[in-house]
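A short write-up of the structure that comes next.
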Amino acid sequence: MKIVFDPAPVAGGFRMPGYWIWCGSVIKGEDGRYHMFASRWPKSLPMHPGWLAASEIVRAVSDHPAGPYVYEETVLGARSPAYWDGCSVHNSHIVKVEGSYVLYYMGTTFPFPLPEEGEPLLPNDPLVVAARANKRIGVATAPFITGPWTRRDYPVLLPRPNYFDSFLVSNPAPCVHEDGSVKLIYKSRPYEGHSYGNMQLGLACAESVNGPYTRQPEPLFPPAIHIEDPFIWRTARGYEMIAKDMDGSICGERYSGVHAWSANGKQWKMTTKPGEPVYSRRVRWDDGTERLMGNLERPFLLMEDGRPAWMFAATSDGSRGFYDCTETWNMAVPIREITENDDE
């Protein structure tokens with residue numbers, strides 16, 4: 001598969017002063033406007049791993065898919081730490097199912113206070129360790145794009161002891177069929193001794209978004225294929241997936257995009273070749289500039305007239321991604337065309 005992008009609008013997308021912004025998914029509402037569900041957390045915390053401590057999911061709106069998007073409300077925030085999603089919510093993915101809106105997301109909780117402004121939050125902090133280990137996938141539902149949103153007391157997907165997804169589950173990427181059934185691709189990690197292994201993708205299937213979900217016993221790809229941030233959609237020939245290449249060993253460009261194809265959504269074939277990323281961190285902007293972004297993650301495709309028309313992605317300035325960025329935002333990239341090769 002080859003995706004041809006037009007230059008990204010510099011003034012498009014969604015950003016907010018004072019906040020780190022991530023995880024944008026977009027849907028056209030019953031009001032004819034475009035609604036982006038995104039993660040934000042205060043800049044008083046570090047970008048990473050601050051999202052594990054205090055991310056919330058907000059809704060921003062634009063009259064055009066490119067944006068700029070303007071914050072309207074916080075959809076899901078912190079609640080009691082006694083809940084599975086009581087402290088931080090992230091990885092939003094919005095879909096519409098049989099007239100209702102369904103928001104897939106990752107939630108986590110921990111029994112520690114947030115650090116005071118200026119205090120460090122390191123990867124080995126007990127709060128971060130607990131928050132990472134408690135990552136679960138759940139759904140919230142609403143009759144209208146503006147809510148009210150109903151959260152569940154329990155997640156729809158948990159880790160499984162003694163499987164490849166024994167440590168955590170996150171990054172939900174659902175494909176909802178016309179009959180309401182779901183194929184849900186998710187990110188996981190196994191717990192190996194006293195640490196966790198490489199990111200792997202799993203498949204869970206259900207008759208409805210509320211579950212119960214039945215999972216395949218094995219990951220979709222061998223552990224050597226190190227990818228995350230999947231997005232999947234249905235086409236006439238089966239299912240397509242784009243995802244982030246964690247180390248560049250597949251597409252030749254670290255943190256850029258790869259493509260995989262499946263006839264049935266269960267067995268997947270990686271089709272990307274070295275040197276041919278399906279999307280690149282080197283972005284062309286509509287002011288004529290080109291820039292290697294610090295991040296380009298959580299790709300989300302907005303469908304119009306049955307085809308992908310826009311890609312939204314979380315991006316950052318700097319050169320080392322999480323570690324030296326000063327700004328993050330969700331950018332919008334227009335898709336000129338998609339070529340589907342014969343990947344069978």
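None of the figures in this text is laboratory data; all of them are computed from the coordinates on show. Owing to the predicted nature of the structure, the values given are computational and were not obtained by experimental measurement. No Cβ is skipped: glycine too gets one built from the backbone with ideal geometry, and neighbour counts run over all protein chains shown.
P(r) for the chain, please, calculated from all Cα pair distances in 20 Å bins and given in %. It works out to 32, 63, 5, in whole percents.
Work out the length of the dipole vector of the chain about its Cα centre, built from +1 on the beta-carbon of each Lys and Arg and -1 on the beta-carbon of each Asp and Glu, and round it to the nearest 20 debye.
Values: 34 positive and 41 negative charges, 101 e Å.
That gives the chain a dipole magnitude of about 480 debye.
Computed from Cα atoms alone, the Kirkwood hydrodynamic radius reported for the range 74-177 is 14.8 Å.
Mean projected area of the Cα convex hull of the range 144-249, taken over all directions, amounts to 8.8 nm². A straight chain from M303 to R160 at 0.36 nm per residue would run longer than the Cα-Cα distance by 48.1 nm. Computed over the range 2-339, relative contact order equals 17 percent, with contacts defined as Cα pairs under 8 Å that lie 6+ residues apart. What pairs from K43/K183; K2/K135; K2/K244; K183/K244 go past 25 Å between their alpha carbons? From the list (K43/K183; K2/K135; K2/K244; K183/K244), the Cα-Cα distance tops 25 Å for K43/K183; K2/K135. For the range 1-97, the Cα-based Rg and Dmax, in that order, read 14.6, 46 Å. In terms of surrounding Cβ atoms within a 10 Å radius of their Cβ, K28, K187, K273 rank from fewest to most as K273, K28, K187.
Among residues other than A142 whose Cβ falls under 11 Å from its Cβ, what is the net charge (Lys/Arg +1, Asp/Glu -1)? Can you show the working numbers first?
On the way: positive: R59, K96, R151; negative: none.
Here the count lands on +3.
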